[in-house]
Every structure is written in C-alpha cells, then in structure tokens.
Amino acid sequence: MSKTRSDWKRPVLAGIAIAVVFLMIASYGISDFGISQVSVSGGKYKPDALPAGSYYVNFTETGLQVGTTWQLSYGTSISFLSNTVYSTNSVISFTETNGTIYFAALEADNPQYSYVPNISSGSIVIDGNNVFVNVFFTNTTTTPAPSYHENFNITNLPSFFNGVVWEWDVSVVGVSSSYNQKVQSTGTSMSFSGLETGTYDYSVSSAFGTSLSPGSGALSVSANGTVNLKFSFDKLYPVTFKENGLPGKQTFSVGARSIQFGQCYQNTSFPGDNYLTFKLPNGSYSFCAGTSGNYRPNPTYGSFIVNGSSLTVAVKYSLAPTTYDASFTIVNPPAVLNESSLSYGIELETPTGGFIHNYFSDSLPTVTVTGLSNGTYLYHSSSCIQNYYLSPSLGEFTVSGANVSVALTIHTNPKTYSANFTITDIQKGVPDWGIMLMNSTKELEHSFVCNPETSFSRLSPGIYTYSLAAYDGYLFENQTGTINITDANVNVNLQVTLQKSYPIYFSESGLPSGVQWGVVPTFGVPFSSKVVSTCCLDLSSVSSPLEFPLYLANGTYQFQTFVYSLGAYTFSAPFTLTVNGHSQNATSNFAPPTTGNNNGALALDAGIAAAVIVAAGLGITYMYRKKIFPPKKE
C-alpha cells in the first residue's frame, strides 16, 4: 500500500521532537540534573530552578568513610571567607554568580581516622557555567604498634629495710627507638610500660653503700617480661686521715662526702691519736679538714677515690699566725643622735678580692673585726640611719703586728639625685649590657642590665664618669662619658649599633667536682668580692664549660673569674680577651691553696690572670653586682 504525504509527516515530526528534546538535554548538561540543592545532613539532592546568573559550585569527595563530616569555607575575598559548609555525604554544593571564589579549611573530622585532602585551599572562577571540583582524601591513620611492660623486682631485700627510706632507680633506653624513661622506687618493684617490640638497654642504681645486680643489661621485648634483681651491701674499705703537727693529745676532725650520692660523714680523732678512719664503699669523695685550736690544716679540703683498696690521706697542721683586731668607731656623733640608733655596717676584704665578712652594729658606735693577719685590707662603710652617711665610705688600712683603729664620721646627707641611662633605637632585641659609674673619689657603682634602661640613685651633686659595655653583638657608639649633677636628675640616652658577633666560651680546669665558679665582665677596674647574682641567664656553673655562649663583636674586653666556696667569693685578677673575627674558648686554671686561710675559699692559680684563649667554641653569659648592705632605716 502506498504511503501518502501525511503518512510520512507524522513520524518525521515525532523524530524532530525527540531530537529537540535530546538537544535540550545535551545543551543543559546531563550531569547537571539532580544537583540543585544539597542537604548537609545527608539527604538527597532535589533539582531546583536557579535564579538567572547563578551557577552551581560542587565539591565531590572520594576516600572518606561513609558518614564522615567534612567541610570547607569560601568567600569572594581570600582574607574574608564568609561562608562555611558542612556535609556528611560525598558532595558539598552551593550557588554563586560569575567571579572568583576562594576556598580554604577543606578538612575532614573523624574521631577514628585522620584524613588529608589533596587540596586544602585555592580559588575557582565561575564564568557562565557550573563548576565541579574533585577532592581526594587520603587516610593517614597508622595502626599503633602493640606495646608491653617490663617489671623489675628485688628478690632479697632484707626485712629490716621495711619502713626505711631507701631508694633505687632504673633507666630504660631504646636502642632503635626514642624511648627513654627513668623510674625511682622505695619499694621492691617497679614497672615500665609502653615498650614496643625491639631492643632496650637498662641500667640500675641504688642507695649509697648498696648494689643491685645485674646493674645493667639489654632487653629484647616482644612480650611482657620481668627482670629479677639481687640486693647486696657494698664492700667497705678503710680511708685513714693521718695528721702531722698537732701537739700532745689535741684532736682533729674531718668531714667526708660522697660526690655521687651526697652522703656525708663526720669523724673526730681520739685524744692522743694522730689518725682517724672512715670505712667507705667504692666511689668519689670530697673532704674538709677542720681547725684544731690555734692550728690550721693543709689542705683544708680536697678529694679522693676509693677503688677496691684502702687509702691514706695526709693532713699537716701548723700553728696559725697571730691575729689582730680592727676597730671602726664613729667619733663625735651629733647630739641629736642617740647612741642606741647608731646602726651601720662594715664590709671588709683583701685587695686581691678575698671576702672577709660583713659586720653590723645595732646600738654601739664601734664595730670590731677580729682574727686579722698582717696585711692590707679594704673596707666599705654604710650608714643604716635615714638621712645620714659615713665618711670615709671607702678606704683601706694595714695590719702590721698590732691592732688597728679606724675613725669614721657621720654626716647629714645632702640632697641627692638620680642618673637614668636608656638605650634607644634598639635594632634587634634588648642587649645585655653593663655600666660602671665613678665619682671623683673613685667610688664605684656597677650595674649589669638585661633591660633597655638602668638608674643610679642617691647621687650627690658632682661630676661622674661612666664606662659602658654591651654584649650580644652590640657596640655602644660612645664607650665612655661624663655627667654633671647639679640640682636635678639627669637622663642619658645611649646609642648602640648591631655588629657581627662571635660566640665566646669559658671553661675551667683544676676545680674539685661540685665547686661553683663563673666569669664576670669588668671595665678595667678590678672587682672586689661583693656578692654577685645572676641576670637573665645563669652564669655560674658546677661543671665545665659554662652552658651559655656570650656573643661579642670584634674588640677588646676584660673579665674576672671567681669561685664560690664555703659562703665566700674569691676573684681572679682581670684578664683581657680580644675578639677578632672568630669564636674563642677561654680556659681558666684553678689550683688548691697551699696554706690554710680564714674563709676556706679556693685560691686561684697565679696564671689565671692570663686566660688561655684558643679558637673553638663553648659558653657564658654574665652577672650583675648586687648591693649587700641593708636598706636605710626609715
């Protein structure tokens, strides 16, 4: 049957209609269907008609565990991301108009796993089309390795140790891991936990005079384990101190101290015996021999090592030289002052810096210093009475076979003022610096500072000179200057420049273990034995070298070394250090005293005045001077 024109027309029109529908679908984009709305609680997408000029931005993730919350923040400015979107499904979708969109803080939150995205921030450009971004999350969670514990047990601790304060410790260090732990115990067991499979070294120590074995060993850990330790008392060896020089039945005493444990012993000889004996286990010890009547020991202190055998230490006693007194008396005090209020102090020292003592009077016009040998001494007097001062405030006297009297006069304080010194234009941090102020009578004031400013108060009218020193690579533009105090406080601005600096390190040799020592900068005028204390960083040390480097620019500097022993400071003569383009190491050599002295301080080797300067590098900082007199009574 032949087809008419109308028969062909219907299928052609239907085909054209179908083609138009497919073209519409293709022009809109099949993938755009069903992505018009996102539910951040995990719901389904619902197609919606978009406003004219708006487009979809879709971030699609892969790699997250189902139900994991993830997020991103976005906005039209990188400095202001005004929107944050969260989702628990695989897509985050939002609409924006044409332009650049910035996003950041793209991250996932899962309490069990850690995820890292391949992109965490960036920007996208909307230019008349929807934008799709794929994000890949990587699970970076590592499964923790199994861990074990190791117990250490003492199997035979004596029953009489019950209730006794007795301590032992064990250290465990990983051979191929960072594990490093030390545990102390006063009981019979301890445990180490968190040990992963591997090899560990352990070491055991116990209280003075006791041992635990094995004292060290290796652990191969692949399961929980136990190490049994055996207790024993250390073998004791006689250490005899034998004296020479004491008359008749005069006794003497010696104190011994374990350097490692701090255990102390004191022993006194029987009358008529020229020896005394300690029984001590192996180890290193320090000792101090006491005076006996008018006799002084040599050495007064020292050290020895017990190493599996007995030991004898010789101590020689000699008659102490005759000593004398120095009396300081306020003469003709004003009638307005009652003698009961004449409170003042005297600080006494030797010219080499050997500190003697501080002496104070609370009610009498005279202070007497006893036990002085022949020699020259410096003194510094200080009034504790408000609005009064003593003169001379600084002086010296000589003892030569007789007692000495020093006359002091008391005066009303004139009006005083302050001098304030401030560093301006600091380029990089506050430098550690020092200043010395000197008046016409050469009376000194030192200040070591770790702040931009310092002040000197109670200065009488007059002309003062000052010297400056800066550290940490700084140099003062003017190292010295003068101020003239008339009838007002004075303010001085100081200028510093930052220079290339080099680390300077100080070390010592010859000091017994545990003795405190240090280095203090000076200004060409030797330090006396005034009490010093730290500023910013700890300078003094009980080991060599000091811990902190002192950075200095090229130039010449002066320092003094000191030791602190038995409550007294002893200073060396000043020595010079020149920095010339490289780091340096200064070694100070100490030697024990050859004769007893009245304060027990260490004596310094004469060669310390020329410290050994060698190229290397190890460390210091410095100290500031602290006043030792009490404040004026108000």
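The values are calculated or read from the model by the stated rules, or taken from the named source; none is laboratory data. Predicted model only: the values in this text are computed from it and were never measured. Cβ atoms come from the backbone with ideal geometry, glycine included; neighbour counts cover every protein chain shown. Each accessible area value is taken on the protein alone, full model and side chains, heavy atoms only, with ligands, DNA and RNA left out. Shrake-Rupley method; radii C 1.70, N 1.55, O 1.52, S 1.80 Å.
What the table shows:
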read-out: Pick from the range 223-259, criterion surrounded by fewer than 12 Cβ atoms within 10 Å (Cβ to Cβ) and more than 24 Å from F160 (Cα to Cα), ranking: farthest from the chain's Cα centre (by Cα); value: G248
read-out: Number of the exception - F59 against (1) open to solvent by less than 30 Å² (accessible area, probe 1.4 Å); (2) without any contact (Cβ under 8 Å) to a residue 40 or more places away in the chain; value: (2)
read-out: Subset of the range 274-305 that is among the hydrophobic types (A, V, I, L, M, F, W, C) and open to solvent by 50 Å² or more (accessible area, probe 1.4 Å) - its residue that is nearest to S211 (Cα to Cα); value: I305
read-out: The range 351-388, subset modelled with pLDDT under 65 and among the polar types (S, T, N, Q), residue nearest to T329 (Cα to Cα); value: S363
read-out: Complete set of residues in the range 124-138 that are in a strand (DSSP E or B) and open to solvent by less than 70 Å² (accessible area, probe 1.4 Å); value: I124, I126, V131, V133, V135, F137
read-out: Test: residue in the range 168-178 that is of a type in the set (D, E), open to solvent by less than 30 Å² (accessible area, probe 1.4 Å) and within 37 Å of the chain's Cα centre (by Cα); value: yes
read-out: Total residues in the range 195-213, condition more than 21 Å from G283 (Cα to Cα) and open to solvent by 40 Å² or more (accessible area, probe 1.4 Å); value: 4
read-out: The range 251-283, residues that are of a type in the set (K, R), closer than 17 Å to G302 by Cβ and touching a Pro at 6+ places or on another chain (Cβ under 8 Å); value: none
read-out: The range 455-492 - residue that is closer than 24 Å to V520 by Cβ, without any contact (Cβ under 8 Å) to a residue 40 or more places away in the chain and among the polar types (S, T, N, Q) and, of those, most open to solvent (accessible area, probe 1.4 Å); value: N478
read-out: Failed item, numbered, when D201 is tested on (1) free of Cβ contacts under 8 Å to residues at least 40 places away in the same chain; (2) under 30 Å from G174 (Cβ atoms); (3) assigned to a loop (DSSP other than H, G, I, E, B); value: (3)
read-out: Qualifying residue in the range 144-158 (condition: small (G, A, S), within 30 Å of S216 (Cα to Cα) and open to solvent by less than 90 Å² (accessible area, probe 1.4 Å)); value: yes
read-out: Residue list for the range 401-415, filter: at pLDDT below 80 and either under 32 Å from the mean Cα position of the chain (by Cα) or surrounded by 14 or more Cβ atoms within 10 Å (Cβ to Cβ) (or both); value: N413
